[in-house]
Amino acid sequence: MIDTGDIDVFLGLDVGKGEHHATAVTPAGKKAFDKRLPNTEPKLRELFAKLQAKHGTVLVVVDQPASIGALPLAVARDMGCSVAYLPGLTMRRIADLYPGEAKTDAKDAFIIADAARAMPHTLRAIDGEDETIAELEMIVGFDDDLAGEATRVANRLHGLLTQVHPSLERVLGPRLQHPAVLTLLERFGSPAQIRKAGRRRLVTLLRPKAPRMAERLVEDIFTALDEQTVTVPGAEAAALIVPSLAGSLTAVLDQRKLLAGRIEELLEAHPLSKVLTSMPGVGVRTGARILIEVGDGSTFPTAGHLAAYAGLAPATRSSVSSIRGEQPSRRGNKQLKRALFLSAFAALGDPASRAYYDKKIAQGKHHTQALPCLARRRADVLFAMLRDGTFYEPQPSAAVT
């Protein structure tokens, strides 16, 4: 809990890209400022200095400590103001206590300031851990963009190879993101060029990237080439495009490797790192995403709240004449939901997780139903781990319910 006993004015900022709405209230609840504020350092400094000169100690509270809320917090710190943030879920609950259904920037800014004044227990301090999460959010967001770009380029390559030589695609497709295959396609963009290069030259080219696979891969390539004797229209055009796409995919994958190293460094620097990664199926990228979206879990009163936030709580579909039963929720934080689904799928090699999944299958559920059940159960476990700061402890198979 943040100590607000020495605060003379509470400044709530409903942050925006170009400008914020700023509302300041005194400890007595009287508005001391209520205007739009450009998101520039000079204007921020001007307001903070004015409030300090007129009232004294200023507490600056935002609803987003990262992204568009980063500059006002940095300026506030530099000027000696106290800083904090009001989590979005908490703010929405508090907003129900205020009259009126309209949602405006001015109303939100007042709610942030007034909550800081009257309910300081709802605030969260902004410390080094939050700065780590802010940096993680930026890097993981960029990594997600790169992952999407890698998928797009890879799909384009799959399509071109399938069009000009399906047999060759069946050999190279499953290994398309392997450095050896990308090196091959950057150098030789068509089946004719690959055949002309010859076995010995290809083995020499691929061996540094795939020492154990080079000779077998080359033999598989030439076996595939022998299965097609005709040249498909568009093969010459593909020979120009494939090397470019392969080069682009290589560059994107190299960028993701660099980011993975930094993500791992930032995650390891956070106190909850070992707690998160102790859970089967939670790797560096998944752990980082969970940390970004959930934090220390303190904003969720129960495991059910966390599951609902992640869109894992089933929703009942009903009408006047029928009840269609429970179906997966379409709401929730999609990025967190995806991370929990991916981690659940990756955890199928864990005996306890597999036992629970198999039990759901035995009950007649399909894979697409059993996996969400496992993800939901793991959300309960994750909540308890974050709440208690404890590592994952597998339960005996007999205890699986």
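Structure notes:
- Contact order normalised by residue count of region 1-158, Cα under 8 Å, 6+ apart, percent: 28 percent
- Dipole size of region 135-266 about its Cα centre, with +1 on Lys/Arg Cβ and -1 on Asp/Glu Cβ: approximately 800 debye, rounded to the nearest 20.
- Dividing the C-alpha radius of gyration of the chain by 2.2 N^0.38 Å, with N its residue count, gives 1.28.
- The phi torsions of region 203-218, fed into the Karplus equation with coefficients 6.51, -1.76 and 1.60 and a -60° offset, translate into couplings of 4, 4, 6, 8, 4, x, 8, 8, x, 8, 9, 4, 5, 5, 5, 5 Hz, rounded to whole numbers, with Gly and Pro shown as x.
- Pair-distance profile P(r), taking every C-alpha pair of region 135-266, with 5 angstrom steps and integer %: 2, 11, 20, 21, 17, 12, 8, 5, 3, 1, 0
- Calculated [θ] (222 nm, deg cm²/dmol) that DSSP helices of n ≥ 4 give over the chain, each run adding -39,500 (n - 2.57): -18500 deg cm²/dmol
- Region 9-126 - charge dipole about Cα centre, Lys and Arg +1 at Cβ, Asp and Glu -1, debye rounded to 20: 200 debye
- Among the listed pairs Lys54/Lys103; Lys209/Lys337; Lys30/Lys107; Lys209/Lys274; Lys50/Lys103, those whose Cα-Cα separation exceeds 26 Å are Lys54/Lys103; Lys209/Lys337; Lys209/Lys274; Lys50/Lys103.
- Spatially, region 29-96 and region 220-236 are offset by 65 Å when compared through their Cα centroids.
- With R₀ set to 41 Å, the beta-carbon distance separating Lys50 from Ser298 gives a calculated FRET efficiency near 0.75.
- Projecting the Cα atoms of Leu51, Thr4, Leu37 onto the dipole axis of region 1-55, where Lys and Arg carry +1 and Asp and Glu carry -1 at the beta carbon, places Leu37 farthest toward the positive end.
- Ordering Ser82, Ala70, Pro120 by the projection of their Cα atoms onto the charge dipole of region 61-166, which places +1 on the Cβ of Lys and Arg and -1 on the Cβ of Asp and Glu, puts Pro120 at the extreme positive end.
Where a number appears in this text, it was derived from the coordinates with a stated rule and is not lab data. Everything quoted here is computed from the prediction, not taken from an experiment. Note: ideal-geometry Cβ built from the backbone for every residue, glycine included; neighbour counts use all protein chains shown.
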